[in-house]
Every structure is written in structure tokens, then in C-alpha cells.
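Notes follow the structure.
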Amino acid sequence: MNFLTKMERKFGKYAIRNLPIVIVICFAIGYLLVQFFPSVYANLYFSPYDIIVGHEYWRLFTWVFSPPEAFSFLSLIMLFFYYMFGQAIERGIGTFMFNVYILGGWLLTTLACFGTSLYFYFHFGNNEMFWIWSQLNGGFEMMTYMMYSLFLGFALVYSDSMVLFMFIIPVKASWIAYIDMVFLAYRFVSIDIALSRASIVAYLVNFCILYLLLQSRIKRRRATRSQHKNQQNYRQQVIDFETARRAQNGDNRTQNASKHSGQNPVTITRHKCAVCGRSELDDPNLEFRFCSKCNGNYEYCSEHLYTHEHVK
């Protein structure tokens, strides 16, 4: 039993069920705050300056309310797809594993971005310069890359499934995942935002962890199935051996009984002529009939049925 299995048995009951609904609700709350309560949202998003200098540490947790993009009608469609992908992944890998994947991505991203912020804070050594860098690196793309990691997880679990690229072209999920990986690599090289790069690295590392965990689970399942199959084959061999041994012992007992008696085993016949003594063992084509004129149950073959003397 590996570490993850032990953790699932111990803490699986605390896993958040229907976590995709929670994710969509967080996005919906973020959209509402941005549209109607911008001042409240300004105190929630990830801001390195406010976290380190202003000691607003709740931003390490409340950045999950940051929407991945500006609100539009397309955003509603994307939220629906995020929910569907999340539900599919949760069914495929289980509630606990899905919690580990999503919450692990959130934790790694928070640590990576906060560590990057600390590096720049000690590097600049000037609150004004750090404030300028913090405004340019507000972490507004952190949740966007989380959505990419969600689709990568879907492509990993359902690699052979078909999805509509651009809502029109049916393409395998694995190919779309390759396109996303190329896009993330291009984004990492081209963009000059440290927190965005840290988010990309964190989510890709989290995806690689999920891949290794699933591969390990698949190997264990294959090994278990192979072991069960070998046990079944061994049990069947034992049963066949015992059956053959009992059949051989039964034949040996019959032969030994015949040798001790000095004669062949007695064979019981169904028909026998009362005159000549022939039976169906002597000639399978013989026909036998009972005589109604004889006093008793006397059976005769076809040759003696009409020529025998009636028993009175």
C-alpha cells in the first residue's frame, strides 16, 4: 500500500465532493465582485506588495475568486465547460485524487508566486520599486493557468475522447492537450511577467505529479490483475490435478477388484431371450418381445417369439 492510498483511506472522508461546482461558484463570485463591487475585489486579488508590505495575508487564499478573464457571454459557456471537465475528471480519478490535483495546484501556485514575490522584494530593497513591480505583476493570470491545467487533466484521463476544437472541429483530447502545452511554453518564453511564469511552472509541475500518480496506480492495478489471474490459473490446475487423480484412483480400484475376483465385472442387460439367452449385447439389431400367452414375464428374441413352447 503506497502513501497516497494510505492518505486516501485516512483523509478521504474529508475530501470536498462536487468540487467543480465550488470552482464555478468561486468564478461566479469573482465576476460579481468585479462588476458590482470592485472595491471589495481590490482587497482580494493576489498583490505581492499588499501581502508582504501591507501584511494582508488573506490574499494568499482569496485570489481564488479572481476570474480567469473579463466577463462576457463566452465566459458563461466556458464556465459550463469547466464544470463538465471537472465532473468528468472527478468521476475518472475519484473525489480524493481530484481534490489533491486541484488543491495541490492551488497550493503550488500560491507558494511559487509568494516565493517569487519575496525574491523580488529582497532584490529591489525599495518599497516604491517593489510596489511598481507588484502592480505590473498582479497575478491576474493565475486562475487562467489553473483552467489550462484542468483541461490537461481531462486530456490525461480521457485521452481518446473527442472534443470540439473551436466548437466546430472534432479532435482528440490528447491533441488539444499538446496544443495547450505548446501555447504554455510559448507563453512562458514570450511573456515578461514573473508571477505568470511562476504560475505556469507550478501548474505544469502539478500536472506531472498527477501523471506520475496515475501511472503508478495503473501499474499497481495491472500487477494486481496479473496476480489474481495467476492465482486463478493455479487453482484451476490444482482442481484439474485432483480430478484426474481421483479418476485414476477409481480406475485402479475397479481393476484391483476384478483381479481379486478372478472374473470380469458383471454387466447387466435390459433384454434377454428365455430360449437362447441372447441379449442386446450379442446383437444390437435383435428385437425382443414379451409373450402374452406365457404364464409370467418371459421375453423372447424375434427368432423364438413364435416358436417357443408356452409356459403354463
Quick check: at a probe of 1.4 Å, how many percent of the accessible area of region 74-115 sits on carbon and sulfur atoms?
81
Can you give the local net charge around T62? Use residues other than it whose beta-carbon is closer than 14 angstrom to its beta-carbon, Lys and Arg +1, Asp and Glu -1.
-1
Sort W131, W175, W106 by heavy-atom solvent-accessible area, probe 1.4 angstrom, most to least.
W175, W131, W106
With every protein chain left in place and a probe of 1.4 Å, what is the accessible surface of D192, to the nearest 10 Å²?
140
Quick one: what are the phi-derived ³J(HN,Hα) couplings along region 83-92, Karplus 6.51/-1.76/1.60 with θ = phi - 60°, whole Hz, x for glycine and proline?
5, 5, 4, x, 4, 5, 5, 4, 5, x
Segment E287-K6, extension gain: residue separation times 0.36 nm, minus the distance between their alpha carbons
93.3 nm
Whole-Hz ³J(HN,Hα) from phi, Karplus 6.51 cos²θ - 1.76 cosθ + 1.60, for region 93-98, glycine and proline x
10, x, 5, 5, 5, 5
What are the ³J(HN,Hα) values, in whole Hz, obtained from phi via the Karplus relation 6.51 cos²θ - 1.76 cosθ + 1.60 with θ = phi - 60°, for each residue of region 172-181 in sequence order, with x given for Gly and Pro?
5, 4, 5, 5, 4, 5, 4, 4, 5, 5
Label region 1-78 by shape, choosing from rounded, prolate and oblate, from the square roots a ≥ b ≥ c of the eigenvalues of the Cα gyration tensor; if a/c is under 1.5 it is rounded, and otherwise prolate applies when a/b is larger than b/c, oblate when it is not.
oblate
At 1.4 Å probe size, with every protein chain present, just tell me what the per residue accessible area of region 15-160 comes to in Å².
49
Need the full-extension length gain, L212 to I29, defined as separation in residues times 0.36 nm minus the C-alpha distance. One decimal, nm.
62.5 nm
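The values are calculated or read from the model by the stated rules, or taken from the named source; none is laboratory data. Quantities reported herein were computed from a predicted structural model and do not represent experimental measurements. Positions of Cβ are generated from backbone atoms using ideal geometry, with glycine treated the same way; all protein chains shown enter the neighbour counts. Accessible surface areas use protein heavy atoms only, side chains included; no ligands, DNA or RNA. Shrake-Rupley method; radii C 1.70, N 1.55, O 1.52, S 1.80 Å.
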